[in-house]
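Okay, structure first, notes after.
The values are calculated or read from the model by the stated rules, or taken from the named source; none is laboratory data. In this text, all values refer to a predicted model and were calculated from it rather than measured experimentally. All Cβ positions, glycine included, derive from the backbone under ideal geometry; neighbour counts span all protein chains shown.
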Amino acid sequence: MSVNTAESHQRATAPGESKSELIYRLEDRPPLPQTLFAACQHLLAMFVAVITPALLICQALGLPAQDTQHIISMSLFASGVASILQIKTWGPVGSGLLSIQATSFNFVTPLIMGGMALKNGGADVPTMMAALFGTLMVASCTEMLLSRVLHLARRIITPLVSGIVVMIICLSLIQVGLTSIVGGFAAMNDHSFGAPKNLLLAGSVLLVIILLNCQRNPYLRVASLVIAMAVGYALAWALDMLPARYLCTYQPGAAGRAVAALLWPGF
């Protein structure tokens with residue numbers, strides 16, 4: 001049962017109830033413009049979450065651009081199939097909820113370590129990828145089997161244990177995050193790793209997100225990610241940080257000007 005925005009606001013601010021930062025509750029139905037805008041932003045956030053682990057792993061292992069594009073396409077395809085299986089209930093499979101399945105950051109560090117071990121051992125790219133994907137296939141089957149009996153281990157895997165595991169995973173990703181902030185693995189090759197402009201770009205995007213989420217205007221809070229991405233993209237363009245192959249040049253009259261093409265390479 002849906003309720004309008006005014007009823008939701010009155011209910012959220014009713015006397016005796018604790019204040020909440022939620023703009024809409026579970027059963028609320030936002031206006032169509034806000035719904036479409038939030039959906040577009042969620043789509044962008046999903047897209048980034050799906051391709052980022054693949055990019056991090058490929059850049060860390062030094063894979064060619066063609067292989068990187070194939071792995072990104074595989075990630076997008078697998079995410080779509082897994083999301084359909086999760087959203088639709090197929091017997092014991094699927095939750096029936098709008099739960100988007102994306103690539104997990106939990107496996108970024110182990111895959112990088114395993115790939116580097118194979119690479120240092122003299123394995124070529126096909127052998128390295130076959131070993132990593134084969135391991136993932138076996139691990140995914142193991143995870144599906146464990147999910148059937150995982151509820152029986154609640155007495156052993158307490159919230160304290162699971163919280164510590166999540167914290168360890170987050171700590172292992174700090175290095176990956178810091179590497180991306182100071183320029184990423186590609187910056188290690190062109191000697192721009194840790195350049196001030198990389199820190200400025202990352203800090204500006206993070207600052208915009210924080211400032212917009214502190215605003216009272218719900219539109220700004222909902223649009224914080226999209227606005228921050230646009231600001232970061234514009235700043236990267238102004239600092240001449242966009243690769244030349246991602247730019248298209250046109251000349252209106254005698255003046256030449258390069259504009260960034262909003263298309264992902266390889267698609």
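Considering GLN86, GLN10, GLN59, GLN41, the condition of being surrounded by fewer than 17 Cβ atoms within 10 Å (Cβ to Cβ) and either under 23 Å from LEU220 (Cβ atoms) or modelled with pLDDT of 80 or more (or both) is satisfied by GLN10 alone. For region 183-202, a residue qualifies if it is buried (at least 16 other Cβ atoms within 10 Å of the Cβ) and within 20 Å of the chain's Cα centre (by Cα), and the qualifying residues are GLY183, GLY184, PHE185, ASN198, LEU201, ALA202.
When region 61-106 is filtered for residues that are of a type outside the set (Lys, Arg), out of contact with any helix residue (DSSP H, G or I) (no Cβ under 9 Å at 6 or more places or on another chain) and assigned to a loop (DSSP other than H, G, I, E, B), the ones remaining, listed by number, are THR89, GLY91. Taking the stated definitions as given, is ILE164 more than 18 Å from LEU55 (Cβ to Cβ), assigned to a helix (DSSP H, G or I) and touching a residue at least 40 places away in the same chain (Cβ under 8 Å)? Spelling it out, it is not the case that ILE164 is more than 18 Å from LEU55 (Cβ to Cβ), assigned to a helix (DSSP H, G or I) and touching a residue at least 40 places away in the same chain (Cβ under 8 Å). Going by the structure shown, is LEU206 part of a helix (DSSP H, G or I) and modelled with pLDDT of 85 or more? Yes: the conditions hold for LEU206.
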